[in-house]
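The values are calculated or read from the model by the stated rules, or taken from the named source; none is laboratory data. Computed from a prediction, not measured in an experiment: that's the story for all the values here. Glycine also receives a Cβ, built like all others from the backbone with ideal geometry; neighbour counts cover every protein chain displayed. Side chains included, ligands, DNA and RNA excluded: accessible areas come from the protein's heavy atoms. Shrake-Rupley method; radii C 1.70, N 1.55, O 1.52, S 1.80 Å.
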Amino acid sequence: MRLSRYFLPTLKENPADAQIVSHRYMLRAGMIKQQSAGIYSWLPLGFKVLRKIENIVHEEQAKAGHIAMQMPTLQSADLWRESGRYDGYGEEMLRMQDRHGRDMLFSPTAEELFTDVFRSHVTSYKDLPLTLYQIQWKFRDEIRPRFGVMRGREFYMKDGYNFDLTKEDALHAYNRHLVSYLRTYERMGLQAIPMRADSGPIGGDDTHEFLVLADTGESEVFYDSEITDLKFGDREIDFDNVDQCQAVLEEFTSRYARTDETHDEAVFNEVPEERRRVARGIEVGQIFYFGTKYSDAMGAKVQGPDGKPVAVHMGSHGIGVSRLLGAIIEASHDDKGIIWPEGVTPFHVGILNMKQGDDEADAACDALYNSFTALGLEPLYDDRNERAGGKFANMDLIGLPWRITVGPRGLKNGVVELTSRRTGESEELPPEQAVARVAEIYKGIA
Ligand code: 5CA
């Protein structure tokens, strides 16, 4: 993409109403625009990152054997009356009526819809296990929407639902989600720690939240510092292997790590004092096992091996897709702007022309641009007639992890400059080598 043809409405000044750094940078980098409290337009740059995050979620869900589909955002209240949640859900639910006076609502979550699809089409235990999921907009009329996309009213969520014959099978689905989520977050450059949590209006006893540690997080968390040494890395997992998934769950959840809702001071005090940490975290996902709560209420039964109907065991599993943009920026930025991890960056590399209009510099930039495009990488070429200082500040703000600076002086010696946004370190290289270096960095990522 050539910046002169893109739509990147950046702001020079810090927006007054943005209290945390991710909100400020998302507004300044032209990623989002607020339309009303907690409701945002996704401008091209923000939309691009949202799509990248979404793609990672889809890829990792597919590896775990989960099946994507799409539910409507507007639902009939009747389903929620069946589950018994219509009255209990309270003011967070946006309710409305259609022209016939029928009660409708904007989905805040979708246990009822998925249970309804399941009961309509699945009749035998032979069709289990089954995990269906969607990535879809949700609406919760939060009393205090704030921090930009972190606590929105309209937000984008991956929500998945497992249907299993037995409790053991459903707990395997729970473990499988935990493993798959660890991989998902690591691909986005995040460490998200599973912590024992409270299930709230979703229900059930078994639940873990995934938290990214950050001072601006809304949750208070308590954990054993050993947990931050754990990395999932690139280990091979067979998601059908019950023991393997169970072993990963045990590895990642056996140390003390809880949100304030489930915190137990006495148990925490058994952790050696030098390892006890009290911090803040951003909840980027949550997994639940709630047994037959919805299948009992809504009659989601299958014929079991003995021919008798049995209610299926279920759980639901969410990832805060739009919130993740905020979490990634909170975890990765400096005073000049965002620093995107390679896995989610909106463009792979920035090309900065120091002297637009200079034949040699323009030709060198065009050649770099074409080389990257031919390799399947997306460059963002700042080809505007702007002063170099403004171009540098802009590139730093939008946070592409790699930048190539092209100027007449370097070109005389046959080199361009390759700079890491994270470390600030630069290296002078012939253009072909710079391209090869960037291509190598993205091998297996882009
Ligand atoms: N049905 C279950 C699992 S699919 C569910 O709704 N879980 S949840 O309530 O925990 O939401 C899943 C994730 O959505 C949360 O972990 C959080 O990352 C994100 N989320 C929840 N509320 C908001 C909000 N107001 N703004 C942005 N993200 C949110």
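A few notes on this one:
- Among the candidates 56, 67, residue that is surrounded by 14 or more Cβ atoms within 10 Å (Cβ to Cβ) and of a type outside the set (Ser, Thr, Tyr): 56
- Taken over segment 249-273, residues that are outside any loop (DSSP other than H, G, I, E, B) and touching a residue at least 12 places away in the same chain (Cβ under 8 Å) amount to 8.
- In segment 32-54, the qualifying residues are those that are among the β-branched types (Val, Ile, Thr) and part of a strand (DSSP E or B), and the one that is farthest from the ligand (Cβ to nearest atom) is 32.
- Within segment 194-210, considering residues that are under 23 Å from residue 230 (Cα atoms) and of a type in the set (Asp, Glu), the one farthest from the ligand (Cβ to nearest atom): 206
- The single residue among 389, 410 that is free of Cβ contacts under 8 Å to residues at least 12 places away in the same chain and not charged (D, E, K, R) turns out to be 389.
- Filtered residues of segment 124-153 (kept if open to solvent by 30 Å² or more (accessible area, probe 1.4 Å), within 10 Å of the ligand (Cβ to nearest atom) and under 15 Å from the mean Cα position of the chain (by Cα)): 151
- Of all residues in segment 162-175, those being open to solvent by 20 Å² or more (accessible area, probe 1.4 Å) and in contact with an Asp or Glu (Cβ under 9 Å, 6 or more places away or on another chain) number 2.
- Of all the listed residues (205, 169), the sole one being touching a residue at least 60 places away in the same chain (Cβ under 8 Å), over 23 Å from residue 323 (Cα atoms) and in contact with a Ser or Thr (Cβ under 9 Å, 6 or more places away or on another chain) is 205.
- Residue within segment 49-61 that is over 25 Å from residue 317 (Cβ atoms) and of a type in the set (D, E, K, R) present: no
- Annotation: of all residues in segment 70-93 being out of contact with any helix residue (DSSP H, G or I) (no Cβ under 8 Å at 6 or more places or on another chain) and polar (S, T, N, Q), the one that is most open to solvent (accessible area, probe 1.4 Å) is 70.
- Residue list for segment 223-243, filter: part of a helix (DSSP H, G or I) and either farther than 30 Å from residue 261 by Cα or open to solvent by 80 Å² or more (accessible area, probe 1.4 Å) (or both): 229, 243
- Failed item, numbered, when residue 246 is tested on (1) outside any loop (DSSP other than H, G, I, E, B); (2) polar (S, T, N, Q); (3) open to solvent by less than 60 Å² (accessible area, probe 1.4 Å): (3)
- All positions within segment 270-292 that are open to solvent by 80 Å² or more (accessible area, probe 1.4 Å) and either within 12 Å of the ligand (Cβ to nearest atom) or over 28 Å from the mean Cα position of the chain (by Cα) (or both): 270, 273, 274
Residue by residue, here is whether (1) at negative phi; (2) open to solvent by 30 Å² or more (accessible area, probe 1.4 Å); (3) among the aromatic types (Phe, Trp, Tyr); (4) free of Cβ contacts under 8 Å to residues at least 40 places away in the same chain holds:
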site: 15; (1), (2), (3), (4): yes, no, no, yes
site: 18; (1), (2), (3), (4): yes, no, no, no
site: 21; (1), (2), (3), (4): yes, no, no, no
site: 26; (1), (2), (3), (4): yes, no, no, no
site: 29; (1), (2), (3), (4): yes, no, no, no
site: 32; (1), (2), (3), (4): yes, no, no, no
site: 39; (1), (2), (3), (4): yes, yes, no, no
site: 46; (1), (2), (3), (4): yes, no, no, no
site: 52; (1), (2), (3), (4): yes, yes, no, no
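- As a summary of the residue check, residue 159 satisfies the conditions (1) of a type in the set (D, E, K, R); (2) within 23 Å of the chain's Cα centre (by Cα); (3) more than 9 Å from the ligand (Cβ to nearest atom); (4) open to solvent by less than 30 Å² (accessible area, probe 1.4 Å) except for the one numbered (3).
- Residue match in segment 385-401 (condition: buried (at least 21 other Cβ atoms within 10 Å of the Cβ) and among the charged types (D, E, K, R)): yes
- Condition check for residue 330: within 18 Å of the chain's Cα centre (by Cα) and either within 15 Å of the ligand (Cβ to nearest atom) or modelled with pLDDT of 95 or more (or both): yes
- Index of the failed condition, residue 424 passing every other in (1) under 19 Å from residue 1 (Cα atoms); (2) under 31 Å from the mean Cα position of the chain (by Cα): (1)
- Among (1) part of a loop (DSSP other than H, G, I, E, B); (2) free of Cβ contacts under 8 Å to residues at least 40 places away in the same chain, the one test that residue 95 misses: (1)
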